[in-house]
Amino acid sequence: MRYSGFRILKEALTGHKGWGHAWRDPEPQTSYDYIIIGGGGHGLATAYYLAKEFKQARIAVLEKGYLGGGNVGRNTTIIRSNYLLDGNEPFYEFSLKLWEGLEQDFNYNAMVSQRGIINLIHTDAARDAATRRGNAMIMNGADAELLNRDQVRAMYPFLNFDNARFPIKGALMQRRGGTVRHDAVAWGYARGADSHGVDLIQNCEVTGMRIENGKILGVETSRGFIGAKKVGVAVAGSSSKVMAHAGMRLPMESHVLQAFVSEGLKPLIDGVMTFGAGHFYVSQSDKGGLVFGGDIDGYNSYAQRGNLPVVEDVIEGGMALMPMIGRARLLRTWGGIMDMSMDGSPIIDKTHVDGLYFNGGWCYGGFKATPASGWCFAHLLAKDEPHVTAEAYRFDRFLKGLMIDEKGQGAQPNMH
Ligand SMILES: Cc1cc2nc3c(=O)[nH]c(=O)nc-3n(C[C@H](O)[C@H](O)[C@H](O)COP(=O)(O)OP(=O)(O)OC[C@H]3O[C@@H](n4cnc5c(N)ncnc54)[C@H](O)[C@@H]3O)c2cc1C
């Protein structure tokens, strides 16, 4: 069924009896051509593009819980393409372009809202760095603007411009950045994939891989063995655990990242803002809650919940930027598991096992990457060669010293 204004009108006049399920709930078949492990944003997008753009069939997504219950439904919803390095910027700009046409493409309201993102500048050196980044973005076909202090003040007069430690001197703005309703992205891709014949199998945990003579034959699951010609892994924070079934040890650690929502406030922040001196990013949801986040918890964990020291640390960052939020009440916090890589950049690559492919290492920036990640992973699965914007995201970059270290932190996953 196509969703449209006409359909809403028709259903409103006929008692809303015509709405069907958004996707089927099929039993797993004995084998598929493609199995995608992980029903998060990346896994669902991969299945969708495999079927729709690359015309492949007999595809299943296996999800251990429910679709969208992982990071895709837990993030702070920010999309942008304001990266500096060559390996990253073309990929994230490709993703932003896909976001721009996504709702029409998969016929679902994902509330893509290009409300603009600003990264605040607090020192002269930071202004130089922001200028360089903005130029790199423009050279890769993205948009970037350098704002001076008065322009930022006109947008957000309530910021603490004269903070003695972190005076605000301007900002790097990307107007095409913004937010997207996170779980609607999972639902939109799920519905789109299902309508192209993909089997979405929930409550189906992959517990092992059957590999013979260096080739994958299928996966062991909580619902029995399922055969496959090709298997793509897109399980975000569980990457190390799942790839261990193939005997692989990844250049990756899992850490918790928390998100926060305040009580509903009157409209205050119409875009997305990041604090350049500490780690704090904030936007305001359509319901009025301030949605914000900061650093990861800093130690390895597979728990989808966070701890109080980081709550305090993130809120200190917020208070330094806009002291008046100290009067707002915090309503909710939650955590997701981040697949933090050694250089802070992702991997979309084949493995040493014939027919086994890997997608992960998104750190805490993978939501914005969802469309391009799905597209590029589907490209790799279908054609056995990397998409032009994802050529740098290979396992062997660590072997060859070709790291894509956007933050310049070195091999320190918790710092990226
Ligand atoms: C608090 C927080 C804030 C964030 N903010 C942003 C942001 O503002 N912008 C941004 O770009 N990114 C952000 N991120 C990062 C982003 O959410 C992730 O990088 C991205 O969602 C990861 O890809 P995914 O959607 O496929 O992951 P997930 O949704 O986690 O999908 C992986 C799926 O694999 C399943 N799985 C795991 N093991 C198995 C198994 N053995 N068998 C079957 N299924 C399995 C899981 O159940 C899960 O559903 C944030 C993350 C968090 C937690």
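Pairs of alpha-carbon atoms within less than 8 angstrom and 6+ residues apart define the contacts here; what relative contact order does segment 1-119 have, in percent? Answer for segment 1-119 is 19 percent.
Computed over neighbours whose Cβ is under 11 Å from that of Ile121, the net charge equals +2, Lys and Arg +1, Asp and Glu -1. Summing Cβ point charges (Lys, Arg +1; Asp, Glu -1) relative to the Cα centre of segment 91-231 gives a dipole of roughly 260 debye. Helix content alone sets the calculated 222 nm mean residue ellipticity of the chain: runs of n ≥ 4 DSSP H residues at -39500 (n - 2.57) each, divided across all residues, give -8500 deg cm²/dmol. The number of Lys pairs in segment 1-104 with C-alpha atoms less than 30 Å apart, excluding pairs fewer than 8 positions apart on the same chain, is 6.
Please quote Rg/Rh for the chain to two decimal places, taking the Kirkwood radius as Rh and restricting both calculations to Cα atoms. Walk me through the intermediate numbers first.
Values: Rg = 21.5 Å, Rh = 22.1 Å.
Checking Rg against Rh, the ratio lands at 0.97.
For segment 207-344, the solvent-accessible area with a 1.4 angstrom probe is 45 square angstrom per residue. Within the shell defined by Cβ-Cβ distances under 14 Å, the residues around Glu385 carry a net charge of +1, with Lys and Arg each +1 and Asp and Glu each -1. Secondary structure note: in the chain, about 70% of the DSSP beta bridges are antiparallel.
The modelled label-to-label distance between Asp384 and Ala22, using points 7 Å beyond Cα along the C-beta direction, is 3.7 nm.
Here the contact order of segment 200-342, divided by its residue count and restricted to Cα pairs under 8 Å and six or more residues apart, works out to 25 percent.
Accessible area, 1.4 Å probe, largest first: how do Arg149, Arg2 sort?
Details: Arg149 75, Arg2 155 Å².
If we order Arg149, Arg2 from most to least accessible, we get Arg2, Arg149.
Under 14 Å of direct C-alpha separation, and excluding same-chain neighbours fewer than eight residues apart, Lys407 reaches these aspartates and glutamates: Asp86, Glu89, Asp295, Asp343.
As a test of reading the structure, rank Phe358, Phe158 by solvent-accessible area (1.4 Å probe, protein chains only), most first.
Numbers: Phe358 0, Phe158 50 Å².
My answer, sorted largest first, is Phe158, Phe358.
Note that segment 229-340 carries a Kirkwood radius of 15.6 Å, evaluated over its alpha carbons pair by pair.
Seen from Trp19, the other residues with C-beta closer than 14 Å to its C-beta sum to a net charge of +4, counting Lys and Arg as +1 and Asp and Glu as -1.
Over segment 43-100, give the accessible area per residue in Å² for a 1.4 Å probe, as an integer. Could the numbers behind the result be given before it?
On the way: 1820 Å² over 58 residues.
Ligands and nucleic acids excluded, the result is 31 Å² per residue.
Within the accessible area of the chain, the carbon and sulfur atoms contribute 52%, probe 1.4 Å, all protein chains present. Pairs of Lys residues in segment 239-387 are counted when their Cα atoms are under 30 angstrom apart and they lie 8 or more places apart or on different chains; the count is 9. Accessible surface comparison of Thr351, Thr333, probe 1.4 Å, protein chains only, largest first: the order is Thr333, Thr351. Gain on full extension, evaluated as 0.36 nm per residue between Arg305 and Leu331 minus their Cα-Cα distance, stands at 7.8 nm.
The values are calculated or read from the model by the stated rules, or taken from the named source; none is laboratory data. Just so we're clear, the structure is a prediction, and the values are computed from it rather than from any experiment. So basically every Cβ, Gly included, is an ideal-geometry build from the backbone, and we count neighbours across all protein chains shown. Please note that ligands, DNA and RNA were not included when accessible areas were found on the heavy atoms of the full protein model with its side chains. Shrake-Rupley method; radii C 1.70, N 1.55, O 1.52, S 1.80 Å.
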